[in-house]
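Below is one structure, written out as structure tokens, with a few remarks after it.
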Amino acid sequence: KTPSLNLDDRGMQKSLYGEYQANLADSTLNLSFGLRGTRYGENNYLSPRLGLFVKVSEEFRLKASWSIYQQFLYQFFHEDLYGRSYPYWVLAKGDPRFPVTTAHNTMLGANFRKGSFELDAEFYVKNTNNLVEHARTLVALPDSFEYKFNTFQGKGKTVGIDLLLKKSFPHYDTWVAYTLSKSSQSFPNIANGRWFASPNDRRHQLKWINQYNWKKFDFSLAYVFASGRPYTDLSKLSEKPPTDRGTITPESRLSYLDDYHRVDFATTYSFRIGKTNVQANLSFFNLFNHQNVKYRQYIYSFVPADPRTGQTRPQNTVQGLELQSLDFTTSIGVVLRF
């Protein structure tokens, strides 16, 4: 049976923030330093932030930043007896079981802008400590073994690069944003501390935005792409004996959702009625009605309860549950400004 987590639903947080900015070397160097002090529970926390901008030329700039963040309200996942994962928002206790989550962020980047053309690039690393998950100590189909749950504490890392390319023409703007990233996590008591893909890992993300202005009309067309996220595929465990989570190979039970594709179109017509400015909006979300999977979960199937004992026995089969993202959707609106 799952023990009660005895989580707090109230907490007191007091914060104070200050920032200093300096322009040096005839404004070719901009330095900013910020410090946030937080009192949470019986403990004090400091969150420094450091930013640096260097003007190499009129068109080219370098930038860098480093910061520490604490998260006192965060999301953790509970995996129940049947392999279903549920996210919960919890308040950190500041103790070893539910500690405050801490993230160290580092960014290095550059920006080039000339006329109507702009190119921006940022390389970033995010290290997170005190990730918490609640799950069974044994991983397999429910059978006759004893179900024990444990709280696992670990760390996460996200490494990536963001690219932005923008170009403006008369009446027309277009820009492309691309992210290449890898998000992973590690728990000392899971897989002997090996790193494996985190639930929010998306290797590739792309957005292409187009805006065109013609007389009183504004048109926009956007394309969104993202590679599929990992999810726990319990069908891969249907014939395997119970395995201790400390030695399990996470990749052996992970599958990936299909890639995400979406095209949106919107138009706005602006006019006046007397002294009132009016905007009539028409938008089409997911224009081509692409069937994107938002969530996929496999659960164990069971035979009906035995009327003599009242017990339910598991079968070595699983059933799939799938949730689709929003289909093709039309929106119409009017905005009045007096």
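Observations on the structure shown:
- Accessible area per residue for the stretch 99-184 is 50 Å², calculated with a 1.4 Å probe on protein heavy atoms, without ligands, DNA or RNA.
- Surface calculation, 1.4 Å probe, protein heavy atoms: Glu133 sits at approximately 50 Å² accessible.
- Estimated dipole of the stretch 21-93 in Debye, rounded to 20 [Cβ of Lys and Arg +1, of Asp and Glu -1, Cα centre]: 140
- Measuring with a 1.4 angstrom probe and ignoring ligands and nucleic acids, Tyr88 comes out at about 110 Å² accessible.
- Most to least accessible of His261, His171 (protein chains only, probe 1.4 Å): His171, His261
- Radius 10 Å from Cβ of Ser186, net charge of other residues (Lys, Arg +1; Asp, Glu -1): +3
- A simple spin-label model places the labels of Ser57 and His204 3.3 nm from each other, with each point 7 Å out along Cα-to-Cβ.
- Simple spin-label estimate for Thr243 and Arg337 in nanometres, 7 Å along Cα-Cβ: 5.9
- Between Ser325 and Arg194, the simple spin-label model (points 7 angstrom out along Cα→Cβ) gives 3.0 nm.
- Carbon + sulfur, % of accessible area of the stretch 8-47 - ligands and nucleic acids excluded, 1.4 Å: 50
- Spin-label zone in the stretch 153-189 - amide nitrogen under 18 Å from a point set 7 Å from the Cα of Ala121 along the C-beta vector: 159-167, 176-182
- Equivalent ellipsoid semi-axes - Cα gyration tensor, the stretch 110-267, angstrom: 44, 19, 10
- Spatially near lysine pairs across the stretch 21-134, Cα under 18 Å, sequence gap of 8 or more or different chains: 4
- Exceeding the 26 Å Cα-Cα cut-off - candidates Lys215/Lys275; Lys167/Lys215; Lys148/Lys182: Lys148/Lys182
The values are calculated or read from the model by the stated rules, or taken from the named source; none is laboratory data. All values derive from a computational prediction rather than experimental measurement. So basically every Cβ, Gly included, is an ideal-geometry build from the backbone, and we count neighbours across all protein chains shown. Each accessible area value is taken on the protein alone, full model and side chains, heavy atoms only, with ligands, DNA and RNA left out. Shrake-Rupley method; radii C 1.70, N 1.55, O 1.52, S 1.80 Å.
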